[in-house]
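First comes the structure, then the notes that go with it.
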Amino acid sequence: MLVRPLRRLLGRPLAVSYFHTTPNSWASRKVIKKFNLADIGEGITECEVIKWSIKPRDAVQSFDPLCEVQSDKASVEITSPFDGVVKELLVQEGEIAKVGSGLCLIEIEEEVSENEPKPSSNEKESSSSSLQSRATPMETLPPPLPTSDGPAPTRRLHPLDPQNTSTGTSVGMDKVFAAPSVRHFARQNGIDLRLLVPGSGKDGRIEKRDVEAAIAGSHNVAQKTESTVEQPQQQKEDVVVELGRTRYGMWKAMVKSLEIPHFGYSTTLDITALHDILPALNAHIPTHYLPAASRPPPPQSINPSAICPAPAPGPYPDSHLYTKLTYLPILVKTLSKAMIEWPLFRSSITPNSDANASKPTLTIRPNADINIALSTPTGLYTPTLQSANAHSIYSLASQLKHLSHLGRQVPCALTPKEMPKRGGTLTVSNVGAIGAGDFASPVLVPGGGVAIVALGRAKWVWDVDRGDGKGERRLKLGVSWSGDHRVVEGAELAAFVECWRGYVENPQRLIGEGI
């Protein structure tokens, strides 16, 4: 009984005439916005897109992660500034994006005021004619329901679904879920991640252990066929290798360093006293900096926190834990004490100073911010120990252990938190940990501070100036300095090093100052 009136109503010609509109003070329209790569750090002009977190036709909200990029200094996650729908990716994974260039196109809804110019009469006529063409008399029927005879739509099964029997050999790269470090590790070893889908991780994510298992499998096959496969001939031609992003960034920084006039100064420090107190410092490393296996058992009969809980710093992640102190955190701590006495070495050239000013200016910082030159598998980085003077020797050792852990990751896991934009005012390079050299010629780069010191390898020598002329066996450390001669005078650098020597060769001063 209800079907015929419903059809008569739906089939009525010019059904659109039953609706009317009223002008709104505000309306919305869809606009495509180009999202550009912003300036993520001082001196950074381009970045490599490591991973996209979205794909075209995905809906995104403000602050949702869009992609991860890697610059000369660190990896940064880029978030969306809009609410909308992703229309197109302008830069693919592995490609280089310039600062200020477009990364992707996002369609957003933009509010429009009724005060905007109205369409002309020609536009009105064309719109009315199109409306009439759409309103021609016709019988409007609902779309037919799918019949049981037709094929039912197939649903794609999840990779971990027990009913999924697909081999996964034809999976595209857009279906591969893996972290950037895992992708880089697979590329280095020539493993196709599409052959490993689904992985053993959550939601089919490919983990590093999956790639290692594939490498082990291919290695076993190679061993079996080694007797029948002809050995490759030795390389007889030149090979042209393109510089990586980090090494190319070092290239550009070294070229800019030619603009800085350097002043060099070298000397040796007697660290015998430091060597003598190091066993006592190692025997009393705070418990919260020790790994769980090296922590002493808690007291059984007496509880220090019986009345009130004692302060318990931490807990710290494993990358912060250590079992042995080295000379480096002690040298950094004593260097920060000397920097507090010498404000000149806590200064940096003020960036973006007024172009109309007749003289440049210096910015004096209240604390000692020290850069640490860090050699990593992907290149040279200089993370910053901020306010080193406010940390204990044990705390500095924990931070240095953590920075070393981040630098060993591939790709490098250092972030802007460890590498702030303004950096430090003084840089320390521990080249003695690599070779047996005593001295070096460190190079200052723009933004690297007003001075840099290279620490050589400590060596036992016979000092004839000690022991009433008979001589003594002493542990000596060679140090090599380079100062920005635009800011630091030669005599000032020498006097500052002597101030540092006073702390290094007499570590008892730290006890007297309550450290």
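Tallying residues that are open to solvent by 20 Å² or more (accessible area, probe 1.4 Å) and not in a loop (DSSP other than H, G, I, E, B) within region 247-277 yields 20.
Give the number of residues within region 378-394 that are in a loop (DSSP other than H, G, I, E, B) and small (Gly, Ala, Ser). Before the answer, list the steps.
Taking region 378-394 and keeping what is in a loop (DSSP other than H, G, I, E, B), we get 378, 382-383, 386-387, 391-392.
In the following step, the residues that additionally are small (Gly, Ala, Ser) were identified as 387, 392.
So the answer is 2.
Between 431, 461, 410, the distinction of being out of contact with any strand residue (DSSP E or B) (no Cβ under 8 Å at 6 or more places or on another chain), open to solvent by 20 Å² or more (accessible area, probe 1.4 Å) and hydrophobic (A, V, I, L, M, F, W, C) belongs to 410 only. Taken over region 46-83, residues that are touching a helix residue (DSSP H, G or I) at 6+ places or on another chain (Cβ under 9 Å) and exposed (fewer than 14 other Cβ atoms within 10 Å of the Cβ) amount to 1.
Of all residues in region 486-512, exactly one satisfies the criterion of being open to solvent by 20 Å² or more (accessible area, probe 1.4 Å), of a type in the set (Val, Ile, Thr) and either within 36 Å of the chain's Cα centre (by Cα) or closer than 20 Å to residue 455 by Cα (or both), namely 487. Scanning region 414-446 for residues that are part of a loop (DSSP other than H, G, I, E, B) and among the β-branched types (Val, Ile, Thr) yields a count of 5. Does region 393-403 contain any residue that is under 14 Å from the mean Cα position of the chain (by Cα), among the hydrophobic types (A, V, I, L, M, F, W, C) and either exposed (fewer than 14 other Cβ atoms within 10 Å of the Cβ) or over 28 Å from residue 362 (Cα atoms) (or both)? So far as region 393-403 goes, yes, one or more of its residues are under 14 Å from the mean Cα position of the chain (by Cα), among the hydrophobic types (A, V, I, L, M, F, W, C) and either exposed (fewer than 14 other Cβ atoms within 10 Å of the Cβ) or over 28 Å from residue 362 (Cα atoms) (or both).
For region 291-301, the criterion of being touching a residue at least 60 places away in the same chain (Cβ under 8 Å) and not β-branched (Val, Ile, Thr) is met by none of the residues. Scan region 149-202 for residues that are open to solvent by less than 90 Å² (accessible area, probe 1.4 Å), acidic (Asp, Glu) and modelled with pLDDT under 55 and jot them down. 161 - this is the single residue of region 149-202 that is open to solvent by less than 90 Å² (accessible area, probe 1.4 Å), acidic (Asp, Glu) and modelled with pLDDT under 55. The requirement of being more than 16 Å from the chain's Cα centre (by Cα), open to solvent by 60 Å² or more (accessible area, probe 1.4 Å) and in contact (Cβ under 8 Å) with a residue 12 or more places away in the chain is not satisfied by residue 445. Report yes if residue 475 is touching a residue at least 12 places away in the same chain (Cβ under 8 Å), outside any strand (DSSP E or B) and crowded, with 16+ Cβ neighbours inside 10 Å, otherwise no. No.
Residues of region 228-247 being modelled with pLDDT under 85 and under 26 Å from residue 381 (Cβ atoms), which ones?
Once the filter is applied, which keeps residues that are modelled with pLDDT under 85 and under 26 Å from residue 381 (Cβ atoms), region 228-247 yields 243, 244, 245, 246, 247.
Taken over region 329-349, residues that are open to solvent by 30 Å² or more (accessible area, probe 1.4 Å) and out of contact with any strand residue (DSSP E or B) (no Cβ under 6 Å at 6 or more places or on another chain) amount to 6.
Looking only at region 278-290, residues that are surrounded by fewer than 17 Cβ atoms within 10 Å (Cβ to Cβ), in contact (Cβ under 8 Å) with a residue 12 or more places away in the chain and not in a loop (DSSP other than H, G, I, E, B) come to 2 in all.
The values are calculated or read from the model by the stated rules, or taken from the named source; none is laboratory data. Only a predicted model underlies this, so the values are computations on that prediction, with no experimental measurement involved. Neighbour counts run over all protein chains shown; Cβ positions are idealised from the backbone, glycine included. Only protein heavy atoms, including side chains, enter the accessible area calculation; ligands, DNA and RNA are left aside. Shrake-Rupley method; radii C 1.70, N 1.55, O 1.52, S 1.80 Å.
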